[in-house]
Amino acid sequence: MFFKATYSLMKLHFGFNRFYCNVLNRFQTLKVNNVSLHKYVLHIEDEYNKLKTKPVLLPEQNKRLEQLQLTIDIIHQRNHVFDGIYHLQELLVDTDEGIQTLAKEEKNAFMKELAKLDEDLVESLIPVTDDDLCNALVLEVNTGVGGQEAMLFAKELFEMYSIFAQFKNWDFEIAEYLTTEIGGIRHASALINGNKALQYFKYEAGVHRVQRIPATEKSGRIHTSTVSVLALPQPTEIQIVIDNKDLRIETKRASGAGGQHVNTTDSAVRITHIPTNISVECQVDRSQLKNKALAMQRLRALLYEQQLKSEMDQIQNLKKSQVRSNSRNEKIRTYNFGQDRITDHRLQGNHVHNIKGFFESGLPLDNLINKLHENARIQNLLNIVMEFENK
């Protein structure tokens, strides 16, 4: 009897020793989609500690430190919970059943807290993108393959987005609306403003496929049509900030006609923006200061034009990436009216039923987009972790 009791106690202690060895590797069990975050979290801790030891931080380093702070705070809370579980070790094998029961209850409470902290930790590791913070966008709906049926569906889709914007309490201002004789639309666009609006509408960008029997179809044959959707951040006023260290300023005597004073002083100014190699000259005034001010105005205008072109190029690339083709094969979502089913092809095994309710109420679309957003954020984190692991 004594041997059996001693063996049971040894077995319990062996189990706890094994568990608390894992506690020392406290991130070993932290996984997302079966991918361990252990090394990456240790890397985050190390990065934070190195930044904290620096006597002076550059602006970008200070910003990074602020970004890491929430993650570090959660790690500290998590460590505190592990300490609490560790100190229960002896109580969990105490001979007094009452003490054992209390220890088990406390351990269960710790484990629940740990599960919540693990969720918070993963959430803090997911980076926030510019799209997640953008409140203004241009939404475009264009007909694709399918003729009149595609035009009718484009109208329904555009109206669905108007209802969704209303559901989210966002401003929805129609910018273009090209109708057809049968009541559909060839193209429509809207300016949408609202809290994190682009974060939602970016998941609508792509080719939407509809499968149904058109009202004009007499033989009852199912038609397949497509509509493309674009969601682009609204161009904002670009602030041109010029650092003095990026400028090379040269003065010389003005050339050409202009009277006796023009050629006798170094009033002409040439300014070169070193990063872009853009140069401007000004010699219209006798005053060097005024010529410098005029040259700076010209330089700002040229840099504004260059940045604006760059922003437009990025938007064009975004358009191409969102809708590579309007063909029936490249789609993000299928609306099958015959089966009253919506299938989003970016989520495995995800189907939504009741198409009428989906189009007329903002809540079903909101729920679907939230699933897509969560899936995309997790994938973004996994990409970062895999990139770190492969370094």
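Test of understanding: among A165, A150, A175, which residue is surrounded by fewer than 13 Cβ atoms within 10 Å (Cβ to Cβ) and assigned by TED's automatic domain parsing to the domain that holds F201?
Values: A165 fails: surrounded by fewer than 13 Cβ atoms within 10 Å (Cβ to Cβ); A150 fails: surrounded by fewer than 13 Cβ atoms within 10 Å (Cβ to Cβ).
From the options A165, A150, A175, the qualifying one is A175.
Take R26 and decide whether it is assigned by TED's automatic domain parsing to the domain that holds L117, in a loop (DSSP other than H, G, I, E, B) and either at pLDDT below 85 or of a type outside the set (D, E, K, R) (or both). Step through it out loud before you land on a result.
Values: assigned by TED's automatic domain parsing to the domain that holds L117: yes; in a loop (DSSP other than H, G, I, E, B): yes; either at pLDDT below 85 or of a type outside the set (D, E, K, R) (or both): yes.
Yes; evaluated as a whole, the condition is true for this residue.
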Next item on the list: Test H80 against the stated conditions and say whether it is under 32 Å from the mean Cα position of the chain (by Cα), of a type outside the set (S, T, Y) and at pLDDT 90 or above.
Entry: yes
Item checked: Test for L102: is it of a type in the set (A, V, I, L, M, F, W, C), in contact (Cβ under 8 Å) with a residue 12 or more places away in the chain and in the same structural domain as L37 (by TED's automatic domain parsing) -> no
Next item on the list: Within segment 94-130, work out how many residues are more than 19 Å from the chain's Cα centre (by Cα) and of a type outside the set (D, E, K, R).
Entry: 14
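Can you say whether D73 is out of contact with any helix residue (DSSP H, G or I) (no Cβ under 8 Å at 6 or more places or on another chain) and modelled with pLDDT of 90 or more, as far as the supplied structure shows? Don't jump to the end; show me each part of the working.
Numbers: out of contact with any helix residue (DSSP H, G or I) (no Cβ under 8 Å at 6 or more places or on another chain): yes; modelled with pLDDT of 90 or more: yes.
In short, yes.
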Next item on the list: Considering only segment 194-224, state which residues are over 23 Å from R377 (Cα atoms), loosely packed, with under 15 Cβ neighbours inside 10 Å and of a type in the set (S, T, N, Q).
Entry: T216, S219
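Which members of segment 144-158 meet the condition of being part of a helix (DSSP H, G or I) and in contact (Cβ under 8 Å) with a residue 60 or more places away in the chain? If you could, list the steps in order and put the result at the bottom.
We begin by selecting, within segment 144-158, every residue part of a helix (DSSP H, G or I); these are 147-158.
If the condition is that a residue be part of a helix (DSSP H, G or I) and in contact (Cβ under 8 Å) with a residue 60 or more places away in the chain, then G147, Q148, E149, A150, L152, F153, A154, E156, L157 are the ones that fit.
Per-residue answers, yes or no, for (1) assigned by TED's automatic domain parsing to the domain that holds K202; (2) over 23 Å from K252 (Cβ atoms); (3) at pLDDT 70 or above; (4) among the aliphatic types (A, V, I, L, M):
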residue	(1), (2), (3), (4)
V280	no, no, yes, yes
R286	no, no, yes, no
N291	no, no, yes, no
A295	no, no, yes, yes
L302	no, no, yes, yes
Q306	no, yes, yes, no
L318	no, yes, no, yes
S321	no, yes, no, no
Notebook entry, point to check: Which one is surrounded by the fewest Cβ atoms within 10 Å (Cβ to Cβ) among residues in segment 323-360 that are modelled with pLDDT under 70 and not small (G, A, S)?
Noted result: N329
Check: Can you name the condition, by its number, that Y177 falls short on among (1) aromatic (F, W, Y); (2) within 28 Å of the chain's Cα centre (by Cα); (3) within 30 Å of G338 (Cβ to Cβ)?
Finding: (2)
Checklist line | Some residue of segment 128-143 being part of a helix (DSSP H, G or I), crowded, with 18+ Cβ neighbours inside 10 Å and out of contact with any helix residue (DSSP H, G or I) (no Cβ under 8 Å at 6 or more places or on another chain) | finding: no
Item checked: Selection within segment 353-367 - part of a helix (DSSP H, G or I), more than 16 Å from Q339 (Cβ to Cβ) and in contact (Cβ under 8 Å) with a residue 24 or more places away in the chain -> E360, G362, L363, L365, D366
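Any idea which residue in segment 48-75 is surrounded by the most Cβ atoms within 10 Å (Cβ to Cβ), counting only those that are of a type in the set (A, V, I, L, M) and over 25 Å from T29 (Cβ atoms)?
Of everything passing the filter in segment 48-75, L65 is surrounded by the most Cβ atoms within 10 Å (Cβ to Cβ).
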Next item on the list: Six or more apart or on different chains, Cβ under 7 Å: which pairs go from a residue in segment 159-179 that's under 19 Å from N142 (Cα atoms) and modelled with pLDDT of 95 or more to one that's assigned to a strand (DSSP E or B) and among the β-branched types (V, I, T)? Could you list them?
Entry: A165/I192
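The values are calculated or read from the model by the stated rules, or taken from the named source; none is laboratory data. Predicted, not measured: the structure shown is a model, and the values here were computed from it. Quick reminder, even Gly has a Cβ in these numbers, built from the backbone with ideal geometry, and neighbours come from all protein chains shown.
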